[in-house]
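> I am attaching a structure below and will ask some questions about it afterwards.
The values are calculated or read from the model by the stated rules, or taken from the named source; none is laboratory data. Everything quoted here is computed from the prediction, not taken from an experiment. With ideal geometry, Cβ positions are generated from the backbone for all residues, glycine too; neighbour counts draw on all protein chains shown.
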Amino acid sequence: MERRFEGRTFMVTGAGTGFGAELSVRAAQEGAARVLVHYRSSSAGAERTAERVREAGAEALIVQGDITSWADIKRMAERAFGEGGGVDVLINNVGDMASGQASGKEVTEEAIDHVLAVDIKGTMLMVHEFGQRMAERGRGAIVNVGSTVIVRGSPRAPQYAAGKYGLLGITKSYAKALAPEVRANTFAPGFMETEALLVRPEWKAGRRELVREATPTGRIPAPAEMTGAALFLASDDAHHITGSYMIADGGYSMLGA
């Protein structure tokens, strides 16, 4: 495995489970010196991730906070750039996909407010607080984890599609505001077989087979298989890429020119 991040410090939000946990471990495997493992409520999951990060050779620092709270984000940023020694790469992985909602007919005002608070407000404030501190240090890369709903939409949860589409505006705006010291991009994965997806009723009732058949590569990856592509945007190989987004969905949402 390449060691693209020798000596760097990562902050990964939502790192207690799923894709966030795998991103944290992959960063350590690729040479990161320290990984700040963020969680909101999954303290046991964060501890498991931190242990895996240490086994991969990096120092792990567990950081708790609610990204819908600006006060929490400021506290986390102060800790990350104080006790944590600064952050070179921020991975905004936290998102709310309204997983308990089976249909757009079930949408509620509360569900809309929560998804947008997490996916837009929370991500924007993370980029705002961490990005400014990165720029002051003279370096940094930010990867906002989006979704291919930005091109397909989501009849199941339109607020989720709206939230992830909003990431594009955040990414483009801060790519300009924080330039040239800090790059910001969006990584847009398709379906990944996370624990959360595997237990969804429609997935178990046949949606998995339909998605797999409609995917040119013929498979649905596990989260760990997608980490290398996501972290490419944080690497020096992507030094001339900013304000952009990269789709990685096996061709499921294939676009025309």
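> If I filter segment 66-88 for residues that are touching a Gly at 6+ places or on another chain (Cβ under 8 Å), farther than 24 Å from Ala117 by Cβ, modelled with pLDDT of 95 or more and not in a strand (DSSP E or B), do I get at least one hit?
Checked against the condition, which is being touching a Gly at 6+ places or on another chain (Cβ under 8 Å), farther than 24 Å from Ala117 by Cβ, modelled with pLDDT of 95 or more and not in a strand (DSSP E or B), segment 66-88 yields at least one hit.
> Test of understanding: among Val35, Val63, which residue is surrounded by 24 or more Cβ atoms within 10 Å (Cβ to Cβ), out of contact with any Cys (no Cβ under 6 Å at 6 or more places or on another chain) and under 20 Å from Glu129 (Cβ atoms)?
Values: Val63 fails: surrounded by 24 or more Cβ atoms within 10 Å (Cβ to Cβ).
Matching residue, one of Val35, Val63: Val35.
> Now a separate question. Restricting attention to segment 173-194, does a residue exist that is over 27 Å from Ala141 (Cβ atoms), of a type outside the set (D, E, K, R) and surrounded by fewer than 17 Cβ atoms within 10 Å (Cβ to Cβ)?
no
> With the requirement that a residue be in contact (Cβ under 8 Å) with a residue 60 or more places away in the chain and basic (Lys, Arg), what does segment 74-130 give you?
none
> Could you count how many residues in segment 210-243 are more than 17 Å from Gly146 (Cα to Cα), among the acidic types (Asp, Glu) and surrounded by 11 or more Cβ atoms within 10 Å (Cβ to Cβ)?
Residues meeting the conditions: 1.
> If you take the residues in segment 7-21 that are in contact with a His (Cβ under 7 Å, 6 or more places away or on another chain) and among the small types (Gly, Ala, Ser), which one is surrounded by the most Cβ atoms within 10 Å (Cβ to Cβ)?
First, the residues of segment 7-21 that are in contact with a His (Cβ under 7 Å, 6 or more places away or on another chain): 11-15.
Going one step further and asking which of them are among the small types (Gly, Ala, Ser), we end up with 14-15.
Details: Gly14: 27, Ala15: 33.
Checked segment 7-21; the qualifying residue surrounded by the most Cβ atoms within 10 Å (Cβ to Cβ) is Ala15.
> So which residues in segment 227-242 are assigned to a loop (DSSP other than H, G, I, E, B) and either under 21 Å from Phe10 (Cβ atoms) or acidic (Asp, Glu) (or both), if there are any at all?
Of all residues in segment 227-242, those assigned to a loop (DSSP other than H, G, I, E, B) come to 233-235, 239-242.
Scanning segment 227-242 gives Leu233, Ala234, Ser235, His239, Ile241, Thr242.
> Could you please find all residues in segment 221-253 being out of contact with any strand residue (DSSP E or B) (no Cβ under 9 Å at 6 or more places or on another chain) and hydrophobic (A, V, I, L, M, F, W, C)?
Ala222, Ala224
> Please work out which one of (1) modelled with pLDDT of 95 or more; (2) not in a helix (DSSP H, G or I) is the condition Thr49 fails and give its number.
(2)
> Which condition number does Met1 fail, the rest of (1) farther than 19 Å from Ala229 by Cβ; (2) out of contact with any Ser or Thr (no Cβ under 6 Å at 6 or more places or on another chain); (3) of a type in the set (A, V, I, L, M, F, W, C); (4) touching a residue at least 12 places away in the same chain (Cβ under 8 Å) being met?
Condition (1) is where Met1 drops out.
> Another one. Mind checking whether some residue in segment 83-90 is under 27 Å from Tyr160 (Cα atoms) and not hydroxyl-bearing (Ser, Thr, Tyr)?
Start the filter on segment 83-90 by keeping residues that are under 27 Å from Tyr160 (Cα atoms), which leaves 89-90.
This time we only want the ones that are not hydroxyl-bearing (Ser, Thr, Tyr), so: 89-90.
Looking for residues that are under 27 Å from Tyr160 (Cα atoms) and not hydroxyl-bearing (Ser, Thr, Tyr), one finds at least one in segment 83-90, hence yes.
> Just checking, which of Gly104, Gly146 is modelled with pLDDT of 95 or more and among the small types (Gly, Ala, Ser)?
Working: Gly104 fails: modelled with pLDDT of 95 or more.
It is Gly146.
> In segment 195-209, how many are surrounded by fewer than 14 Cβ atoms within 10 Å (Cβ to Cβ) and part of a loop (DSSP other than H, G, I, E, B)?
Of all residues in segment 195-209, those surrounded by fewer than 14 Cβ atoms within 10 Å (Cβ to Cβ) come to 195, 198-199, 201-202, 204-206, 209.
This time we only want the ones that are part of a loop (DSSP other than H, G, I, E, B), so: 199.
Result for segment 195-209: 1.
> Would you tally the residues in segment 30-46 being assigned to a helix (DSSP H, G or I) and among the polar types (S, T, N, Q)? Lay out the reasoning, then the answer.
Initial filter on segment 30-46 (assigned to a helix (DSSP H, G or I)): 43-46.
When the remaining residues are screened for being among the polar types (S, T, N, Q), the result is 43.
Selection size over segment 30-46: 1.
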